[in-house]
1. Whole-Hz Karplus ³J(HN,Hα) for region A:38-47, in order, using 6.51 cos²θ - 1.76 cosθ + 1.60 and θ = phi - 60°, x for Gly and Pro?
2. Per residue, how big is the convex hull of chain A when only Cα atoms are used? Give it in Å³.
3. Return the percentage of antiparallel bridges among DSSP beta bridges fully within chain A, rounded to the nearest 5 %.
4. Averaged per residue, what accessible surface does region B:3-113 expose to a 1.4 Å probe, in Å²?
5. Pick from A:Ser86, A:Ser50, A:Ser59 the residue whose mean-square fluctuation is largest in a GNM of chain A, springs joining Cα atoms under 10 Å.
6. First measure r as the distance between the Cβ atoms of B:Asn61 and A:Asn70, then evaluate 1/(1 + (r/R0)^6) with R0 = 35 Å and state the FRET efficiency to the nearest 0.05.
7. In region B:3-113, what percent of the accessible surface is made up of carbon and sulfur (1.4 Å probe, ligands and nucleic acids excluded)?
8. At a cut-off of 20 Å², which residues of region A:72-113 become less accessible once all protein chains are present than in their chain alone, using a 1.4 Å probe?
Amino acid sequence: DTEVTQTPKHLVMGMTNKKSLKCEQHMGHRAMYWYKQKAKKPPELMFVYSYEKLSINESVPSRFSPECPNSSLLNLHLHALQPEDSALYLCASRPPGGPYEQYFGPGTRLTVT
Amino acid sequence: AQSVTQLDSQVPVFEEAPVELRCNYSSSVSVYLFWYVQYPNQGLQLLLKYLSGSTLVKGINGFEAEFNKSQTSFHLRKPSVHISDTAEYFCAVILIQGAQKLVFGQGTRLTINP
């Protein structure tokens, strides 16, 4: 298995809803990432997990809550989002050690109404 | 801090013509360099990477890039493009030491016209 999978592909949620995004990889990668991408912009890093521990939080609002239950799975819990949080959310993973390239999933298109 | 500049936000090209997408970076320490491609409504796919060694690196789909340390550039080239190459292309760097964060350029939209 050489891919990163993300579910759901699309998600529409109201500002009072709670939902979760899921990311999975079975490549033995020990670093996993969440990115947010707005239209016509590069991805912006949100969180990095290394060996299941949160190692980077890019000052993301607390309405986004990441979780890494095991080495293959990464979740992003969403609560009380704002319309400006509508974006493509990308998950990525990286092999342990070098050579540092990240493998991206197809993303979840989130719309907050 | 590192930064990446993609000099062209949009590049229109006719099918079967050559193309060059330009990327310059700034860093006080050594970096690894990458080009990613993003097709509409998809995630990012790694095209190629420069880690060390030969400055000319070949990637998937007929793309290649040349690392120029003195000009801090990593331009992407393809000798003959196809309609299917229409996509957004991102240049990115990562620190060799403590390599956790990719720094992306703003992207170049490559449009192939028939």
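1. 8, 4, 6, 10, x, x, 10, 5, 10, 9
2. Per residue, the Cα convex hull of chain A comes to 95 Å³.
3. If I count the DSSP bridges inside chain A, around 90 percent turn out antiparallel.
4. For region B:3-113, the solvent-accessible area averages 47 Å² per residue.
5. Greatest mean-square fluctuation among the candidates belongs to A:Ser59.
6. 0.55
7. Result for region B:3-113: 49 percent of the exposed heavy-atom area is carbon or sulfur.
8. A:Arg94, A:Pro99, A:Tyr100, A:Glu101, A:Gln102, A:Phe104, A:Pro106, A:Arg109
The values are calculated or read from the model by the stated rules, or taken from the named source; none is laboratory data. All values reported here derive from a predicted model rather than from experimental measurement. Here Cβ is always computed from backbone atoms with ideal geometry, including for glycine, and neighbour counts include all displayed protein chains. Please note that ligands, DNA and RNA were not included when accessible areas were found on the heavy atoms of the full protein model with its side chains. Shrake-Rupley method; radii C 1.70, N 1.55, O 1.52, S 1.80 Å.
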